[in-house]
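Heads up: the structure comes next, in C-alpha coordinates.
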Amino acid sequence: MMNTVRCGCKVISVSNQKGGVGKTVTCVNLGIGLAREGKKVLMIDADPQGSLSISLGVQEPDKLSYSLATVMLNIINDEAFDVRKGIVQHEEGVDLLPGNIELSGLEISLIGVISRETILREYIEQVREFYDYIIIDCMPSLGMLTINALACADSVLIPVQAAYLPVKGLQQLIKTIGRVKRQLNPKLSFEGILLTMVDNRTNYAKDIAALVYGAYSTSINVFDVEIPMSVRAAEISAEGSSIYVYDPKGKAACAYSALIKEVMNNG
Ligand code: ADP
Ligand code: MG
(Lines give C-alpha, C1' and ligand atoms only; values in the text may rest on other atoms or scores of the structure.)
(Ligands and ions follow the chains in the order given, each with its own letter.)
Protein backbone atom coordinates (compact mmCIF):
# COMPACT_ATOMS: atom_id res chain seq x y z
CA MET A 1 0.00 0.00 0.00
CA MET A 2 1.60 3.28 -1.06
CA ASN A 3 1.57 6.26 1.22
CA THR A 4 0.55 9.70 0.07
CA VAL A 5 3.18 12.02 -1.38
CA ARG A 6 5.07 13.77 1.34
CA CYS A 7 7.31 16.80 1.49
CA GLY A 8 10.05 16.92 4.06
CA CYS A 9 10.08 14.77 7.12
CA LYS A 10 8.39 11.41 7.69
CA VAL A 11 7.70 10.31 11.25
CA ILE A 12 7.61 6.54 11.75
CA SER A 13 6.42 5.00 15.00
CA VAL A 14 7.72 1.47 15.63
CA SER A 15 4.99 -0.09 17.73
CA ASN A 16 3.75 -3.38 19.13
CA GLN A 17 2.36 -3.73 22.63
CA LYS A 18 4.09 -7.07 22.91
CA GLY A 19 7.64 -6.88 24.25
CA GLY A 20 10.57 -8.73 22.73
CA VAL A 21 9.36 -8.62 19.13
CA GLY A 22 12.32 -6.67 17.78
CA LYS A 23 11.07 -3.06 17.97
CA THR A 24 14.26 -1.64 19.38
CA VAL A 25 16.65 -3.61 17.18
CA THR A 26 14.55 -2.61 14.18
CA CYS A 27 14.64 1.08 15.19
CA VAL A 28 18.43 1.04 15.44
CA ASN A 29 18.93 -0.57 12.05
CA LEU A 30 16.12 1.36 10.36
CA GLY A 31 17.37 4.73 11.60
CA ILE A 32 21.03 4.07 10.91
CA GLY A 33 20.22 2.40 7.59
CA LEU A 34 18.37 5.53 6.46
CA ALA A 35 21.27 7.70 7.65
CA ARG A 36 23.61 5.57 5.54
CA GLU A 37 21.45 6.51 2.57
CA GLY A 38 22.19 10.14 3.30
CA LYS A 39 19.00 10.89 5.22
CA LYS A 40 18.96 13.12 8.27
CA VAL A 41 17.47 10.99 11.05
CA LEU A 42 16.27 11.63 14.59
CA MET A 43 15.57 8.63 16.80
CA ILE A 44 13.33 9.09 19.83
CA ASP A 45 13.31 6.64 22.72
CA ALA A 46 9.73 6.52 24.04
CA ASP A 47 10.26 3.47 26.26
CA PRO A 48 10.97 3.99 29.98
CA GLN A 49 13.36 1.03 29.77
CA GLY A 50 15.68 3.17 27.64
CA SER A 51 16.72 0.24 25.45
CA LEU A 52 17.10 2.35 22.32
CA SER A 53 19.23 4.85 24.24
CA ILE A 54 21.44 2.06 25.58
CA SER A 55 21.66 0.47 22.12
CA LEU A 56 22.88 3.79 20.75
CA GLY A 57 25.61 4.13 23.34
CA VAL A 58 23.96 6.06 26.19
CA GLN A 59 25.34 3.91 28.99
CA GLU A 60 23.05 4.93 31.83
CA PRO A 61 19.97 6.72 30.50
CA ASP A 62 18.40 6.91 33.97
CA LYS A 63 21.21 9.27 35.03
CA LEU A 64 20.47 11.77 32.29
CA SER A 65 19.21 15.11 33.58
CA TYR A 66 17.53 15.93 30.27
CA SER A 67 15.64 13.45 28.09
CA LEU A 68 12.30 12.93 26.33
CA ALA A 69 10.49 13.10 29.68
CA THR A 70 12.00 16.54 30.33
CA VAL A 71 10.93 17.73 26.88
CA MET A 72 7.37 16.54 27.41
CA LEU A 73 7.25 18.08 30.88
CA ASN A 74 8.36 21.41 29.44
CA ILE A 75 5.47 21.25 26.99
CA ILE A 76 2.96 20.25 29.67
CA ASN A 77 4.16 23.14 31.84
CA ASP A 78 4.12 25.61 28.92
CA GLU A 79 7.79 26.37 29.42
CA ALA A 80 9.86 27.65 26.52
CA PHE A 81 12.82 25.41 25.69
CA ASP A 82 15.50 24.83 23.08
CA VAL A 83 14.19 21.99 20.90
CA ARG A 84 17.74 20.79 20.15
CA LYS A 85 18.55 20.40 23.85
CA GLY A 86 19.08 16.82 25.00
CA ILE A 87 19.74 15.42 21.52
CA VAL A 88 22.92 13.37 21.33
CA GLN A 89 24.79 12.28 18.21
CA HIS A 90 25.65 8.69 17.44
CA GLU A 91 28.86 8.06 15.51
CA GLU A 92 26.94 6.28 12.75
CA GLY A 93 25.25 9.52 11.82
CA VAL A 94 21.90 9.61 13.63
CA ASP A 95 20.63 11.95 16.31
CA LEU A 96 18.95 10.53 19.41
CA LEU A 97 16.63 12.02 21.98
CA PRO A 98 17.11 9.51 24.81
CA GLY A 99 14.36 8.22 27.06
CA ASN A 100 14.53 6.79 30.54
CA ILE A 101 12.62 5.71 33.63
CA GLU A 102 11.25 9.22 34.10
CA LEU A 103 8.87 8.43 31.26
CA SER A 104 6.87 6.08 33.48
CA GLY A 105 6.24 8.86 36.01
CA LEU A 106 5.40 11.17 33.15
CA GLU A 107 2.92 8.71 31.69
CA ILE A 108 1.02 8.69 34.97
CA SER A 109 1.03 12.47 35.29
CA LEU A 110 -0.32 12.81 31.75
CA ILE A 111 -3.68 11.56 32.97
CA GLY A 112 -4.77 14.97 34.21
CA VAL A 113 -3.31 16.98 31.35
CA ILE A 114 -5.26 18.78 28.63
CA SER A 115 -4.46 17.36 25.17
CA ARG A 116 -2.51 14.58 26.83
CA GLU A 117 -2.46 12.52 23.64
CA THR A 118 -0.69 15.18 21.60
CA ILE A 119 2.11 16.41 23.86
CA LEU A 120 4.78 14.62 21.82
CA ARG A 121 3.28 16.00 18.62
CA GLU A 122 4.01 19.54 19.81
CA TYR A 123 7.68 18.61 20.03
CA ILE A 124 7.73 16.75 16.72
CA GLU A 125 6.16 19.69 14.91
CA GLN A 126 9.07 21.84 16.08
CA VAL A 127 11.90 19.46 15.12
CA ARG A 128 10.60 17.89 11.94
CA GLU A 129 11.98 20.67 9.75
CA PHE A 130 15.51 19.53 10.67
CA TYR A 131 15.07 15.88 9.59
CA ASP A 132 14.11 13.56 6.74
CA TYR A 133 12.96 10.83 9.12
CA ILE A 134 12.03 10.69 12.78
CA ILE A 135 11.87 7.15 14.18
CA ILE A 136 10.08 6.57 17.50
CA ASP A 137 10.77 3.43 19.52
CA CYS A 138 7.61 2.64 21.49
CA MET A 139 7.23 0.87 24.79
CA PRO A 140 5.49 -2.51 25.02
CA SER A 141 2.02 -1.20 25.91
CA LEU A 142 -0.85 0.69 24.34
CA GLY A 143 -0.71 3.33 27.07
CA MET A 144 -0.53 7.09 26.80
CA LEU A 145 3.08 7.25 25.58
CA THR A 146 2.32 4.92 22.70
CA ILE A 147 -0.84 6.90 21.90
CA ASN A 148 1.35 10.04 21.84
CA ALA A 149 3.74 8.31 19.45
CA LEU A 150 0.88 7.23 17.16
CA ALA A 151 -0.78 10.64 17.36
CA CYS A 152 2.32 12.39 15.98
CA ALA A 153 3.36 9.78 13.40
CA ASP A 154 2.90 9.74 9.66
CA SER A 155 3.08 5.96 9.67
CA VAL A 156 3.43 3.00 11.98
CA LEU A 157 5.79 0.09 11.45
CA ILE A 158 4.76 -3.07 13.29
CA PRO A 159 7.42 -5.68 14.03
CA VAL A 160 5.90 -9.11 14.64
CA GLN A 161 7.89 -11.96 16.02
CA ALA A 162 7.35 -14.99 13.82
CA ALA A 163 7.58 -17.41 16.70
CA TYR A 164 4.09 -17.42 18.15
CA LEU A 165 0.55 -16.83 17.02
CA PRO A 166 0.48 -13.06 16.85
CA VAL A 167 -2.95 -12.50 15.41
CA LYS A 168 -4.87 -11.60 18.55
CA GLY A 169 -2.38 -9.00 19.79
CA LEU A 170 -2.12 -7.58 16.30
CA GLN A 171 -5.87 -7.08 16.06
CA GLN A 172 -5.84 -5.08 19.28
CA LEU A 173 -2.97 -2.95 18.01
CA ILE A 174 -4.63 -2.36 14.65
CA LYS A 175 -7.85 -1.37 16.43
CA THR A 176 -5.96 1.17 18.55
CA ILE A 177 -4.24 2.55 15.46
CA GLY A 178 -7.64 2.90 13.80
CA ARG A 179 -8.99 4.78 16.79
CA VAL A 180 -6.00 7.14 16.88
CA LYS A 181 -6.42 7.72 13.15
CA ARG A 182 -10.11 8.58 13.53
CA GLN A 183 -9.87 10.72 16.62
CA LEU A 184 -6.41 12.25 16.67
CA ASN A 185 -4.38 11.77 13.52
CA PRO A 186 -6.26 11.27 10.23
CA LYS A 187 -3.02 11.16 8.20
CA LEU A 188 -1.66 8.12 10.07
CA SER A 189 -0.91 5.23 7.73
CA PHE A 190 0.64 1.78 7.97
CA GLU A 191 4.29 1.65 7.00
CA GLY A 192 3.97 -2.10 7.19
CA ILE A 193 4.08 -5.28 9.20
CA LEU A 194 7.60 -6.65 9.54
CA LEU A 195 8.19 -10.27 10.42
CA THR A 196 11.18 -10.52 12.74
CA MET A 197 13.27 -13.32 14.20
CA VAL A 198 12.22 -15.62 11.39
CA ASP A 199 13.77 -19.05 11.63
CA ASN A 200 13.33 -20.39 8.15
CA ARG A 201 14.42 -23.85 9.19
CA THR A 202 11.06 -24.32 10.91
CA ASN A 203 7.73 -24.90 9.24
CA TYR A 204 6.17 -23.01 12.11
CA ALA A 205 7.83 -19.75 11.03
CA LYS A 206 6.55 -20.31 7.51
CA ASP A 207 3.04 -20.99 8.85
CA ILE A 208 3.07 -17.74 10.83
CA ALA A 209 4.32 -15.77 7.84
CA ALA A 210 1.55 -17.25 5.69
CA LEU A 211 -1.01 -16.53 8.40
CA VAL A 212 -0.01 -12.87 8.79
CA TYR A 213 0.11 -12.43 5.04
CA GLY A 214 -3.28 -14.08 4.55
CA ALA A 215 -4.97 -12.09 7.31
CA TYR A 216 -3.53 -8.63 6.64
CA SER A 217 -1.88 -8.16 3.29
CA THR A 218 -5.04 -6.98 1.55
CA SER A 219 -5.46 -4.07 3.97
CA ILE A 220 -1.95 -3.44 5.33
CA ASN A 221 1.46 -3.53 3.66
CA VAL A 222 3.38 -6.62 4.77
CA PHE A 223 7.06 -6.09 3.99
CA ASP A 224 8.51 -8.51 1.43
CA VAL A 225 11.65 -8.79 3.51
CA GLU A 226 11.66 -10.86 6.71
CA ILE A 227 14.26 -10.29 9.40
CA PRO A 228 15.97 -13.60 10.12
CA MET A 229 16.75 -14.99 13.51
CA SER A 230 20.32 -13.92 14.08
CA VAL A 231 22.57 -14.06 17.11
CA ARG A 232 24.55 -11.17 15.60
CA ALA A 233 21.38 -9.03 15.48
CA ALA A 234 20.72 -9.84 19.12
CA GLU A 235 24.24 -8.74 20.04
CA ILE A 236 24.13 -5.23 18.59
CA SER A 237 22.40 -3.68 21.61
CA ALA A 238 25.36 -4.47 23.80
CA GLU A 239 27.77 -3.30 21.10
CA GLY A 240 26.25 0.17 20.70
CA SER A 241 26.46 -0.12 16.92
CA SER A 242 24.22 -1.07 14.04
CA ILE A 243 24.23 -4.43 12.28
CA TYR A 244 25.86 -2.73 9.25
CA VAL A 245 29.01 -2.11 11.29
CA TYR A 246 28.85 -5.08 13.62
CA ASP A 247 28.20 -7.81 11.04
CA PRO A 248 28.07 -6.12 7.64
CA LYS A 249 28.07 -9.27 5.55
CA GLY A 250 25.60 -11.22 7.67
CA LYS A 251 22.03 -12.14 6.79
CA ALA A 252 20.51 -9.65 9.25
CA ALA A 253 22.42 -6.72 7.70
CA CYS A 254 21.26 -7.85 4.28
CA ALA A 255 17.64 -8.08 5.45
CA TYR A 256 17.70 -4.67 7.14
CA SER A 257 19.21 -3.14 3.99
CA ALA A 258 16.29 -4.58 2.03
CA LEU A 259 13.89 -3.08 4.59
CA ILE A 260 15.46 0.36 4.05
CA LYS A 261 14.82 0.07 0.31
CA GLU A 262 11.18 -0.86 0.92
CA VAL A 263 10.68 1.99 3.38
CA MET A 264 12.24 4.50 0.97
CA ASN A 265 10.03 3.16 -1.81
CA ASN A 266 6.97 3.65 0.40
CA GLY A 267 7.74 7.37 0.11
P1 ADP B 1 11.40 -5.07 21.73
O2 ADP B 1 11.99 -3.73 21.57
O3 ADP B 1 10.19 -5.29 20.88
O4 ADP B 1 11.15 -5.44 23.14
P5 ADP B 1 14.05 -6.02 21.04
O6 ADP B 1 14.43 -5.31 19.79
O7 ADP B 1 14.62 -5.51 22.31
O8 ADP B 1 12.47 -6.13 21.14
O9 ADP B 1 14.39 -7.56 20.83
C10 ADP B 1 14.04 -8.50 21.83
C11 ADP B 1 15.19 -9.46 22.05
O12 ADP B 1 15.42 -10.22 20.87
C13 ADP B 1 16.49 -8.76 22.36
O14 ADP B 1 17.22 -9.53 23.25
C15 ADP B 1 17.17 -8.67 21.02
O16 ADP B 1 18.55 -8.60 21.13
C17 ADP B 1 16.71 -9.95 20.35
N18 ADP B 1 16.60 -9.84 18.89
C19 ADP B 1 16.13 -8.78 18.19
N20 ADP B 1 16.15 -9.04 16.86
C21 ADP B 1 16.64 -10.29 16.72
C22 ADP B 1 16.89 -11.17 15.59
N23 ADP B 1 16.67 -10.76 14.33
N24 ADP B 1 17.37 -12.41 15.85
C25 ADP B 1 17.59 -12.81 17.11
N26 ADP B 1 17.39 -12.06 18.20
C27 ADP B 1 16.91 -10.81 18.02
MG1 MG C 1 12.27 -2.21 22.94
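The values are calculated or read from the model by the stated rules, or taken from the named source; none is laboratory data. Since this is a predicted model, take the numbers as computed values, not measurements. A quick note on method: Cβ atoms are made from the backbone with ideal geometry, for glycine too, and the neighbour counts reach across all protein chains shown. Ligands, DNA and RNA are excluded from the accessible area calculation, which covers all protein heavy atoms including side chains. Shrake-Rupley method; radii C 1.70, N 1.55, O 1.52, S 1.80 Å.
Structure notes:
- In region 136-147, the residues that are open to solvent by 40 Å² or more (accessible area, probe 1.4 Å) and either hydroxyl-bearing (Ser, Thr, Tyr) or more than 16 Å from ligand 1 (Cβ to nearest atom) (or both): 144
- Among (1) buried (at least 22 other Cβ atoms within 10 Å of the Cβ); (2) modelled with pLDDT under 95, the one test that residue 167 misses: (1)
- Per the conditions (1) part of a loop (DSSP other than H, G, I, E, B); (2) in contact with an Asp or Glu (Cβ under 9 Å, 6 or more places away or on another chain); (3) crowded, with 19+ Cβ neighbours inside 10 Å, the sole criterion not satisfied by residue 187 is (3).
- With respect to the conditions (1) assigned to a loop (DSSP other than H, G, I, E, B); (2) more than 16 Å from ligand 1 (Cβ to nearest atom); (3) exposed (fewer than 13 other Cβ atoms within 10 Å of the Cβ); (4) of a type outside the set (S, T, N, Q), residue 220 lacks only one, and its number is (3).
- Only a single criterion out of (1) at pLDDT below 95; (2) in contact with a strand residue (DSSP E or B) (Cβ under 8 Å, 6 or more places away or on another chain) is not satisfied by residue 44, namely (1).
Every residue, every condition in (1) touching a strand residue (DSSP E or B) at 6+ places or on another chain (Cβ under 6 Å); (2) away from ligand 2 (no atom under 14 Å from the Cβ); (3) under 20 Å from residue 223 (Cβ atoms), yes or no:
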position: 10; (1), (2), (3): yes, yes, yes
position: 34; (1), (2), (3): yes, yes, yes
position: 84; (1), (2), (3): no, yes, no
position: 95; (1), (2), (3): yes, yes, no
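- Checking each residue in region 43-60 for being free of Cβ contacts under 8 Å to residues at least 60 places away in the same chain and buried (at least 24 other Cβ atoms within 10 Å of the Cβ) picks out 50, 53.
- The single residue among 26, 70 that is in contact (Cβ under 8 Å) with a residue 24 or more places away in the chain, more than 16 Å from ligand 2 (Cβ to nearest atom), polar (S, T, N, Q) and out of contact with any helix residue (DSSP H, G or I) (no Cβ under 7 Å at 6 or more places or on another chain) turns out to be 70.
- Of the residues making up region 218-235, those that are touching a strand residue (DSSP E or B) at 6+ places or on another chain (Cβ under 8 Å) and among the β-branched types (Val, Ile, Thr) are 220, 222, 225, 227.
- Some residue of region 238-256 being among the polar types (S, T, N, Q) and open to solvent by 40 Å² or more (accessible area, probe 1.4 Å): no
- In summary, residue 133 fulfils each of the numbered conditions (1) in contact with a Leu (Cβ under 8 Å, 6 or more places away or on another chain); (2) surrounded by 22 or more Cβ atoms within 10 Å (Cβ to Cβ); (3) hydroxyl-bearing (Ser, Thr, Tyr); (4) more than 26 Å from residue 239 (Cα to Cα) with the single exception of condition (4).
- Among residues of region 170-185 that are more than 17 Å from residue 208 (Cβ to Cβ), those with a beta-carbon under 7 Å from a residue that is assigned to a helix (DSSP H, G or I) and of a type in the set (Val, Ile, Thr) at least six positions away or on a different chain give the pairs 180/147; 184/118.
For every residue, the table says whether it meets (1) open to solvent by less than 30 Å² (accessible area, probe 1.4 Å); (2) more than 29 Å from residue 34 (Cα to Cα).
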residue	(1), (2)
90	yes, no
106	yes, yes
109	no, yes
117	no, no
120	yes, no
123	yes, no
127	yes, no
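- Which numbered condition residue 257 fails, given (1) more than 26 Å from residue 56 (Cβ to Cβ); (2) in a helix (DSSP H, G or I); (3) among the polar types (S, T, N, Q): (1)
- Within region 190-217, the set of residues being touching a residue at least 12 places away in the same chain (Cβ under 8 Å), surrounded by fewer than 20 Cβ atoms within 10 Å (Cβ to Cβ) and either within 16 Å of ligand 2 (Cβ to nearest atom) or not in a helix (DSSP H, G or I) (or both) comprises 199, 200.
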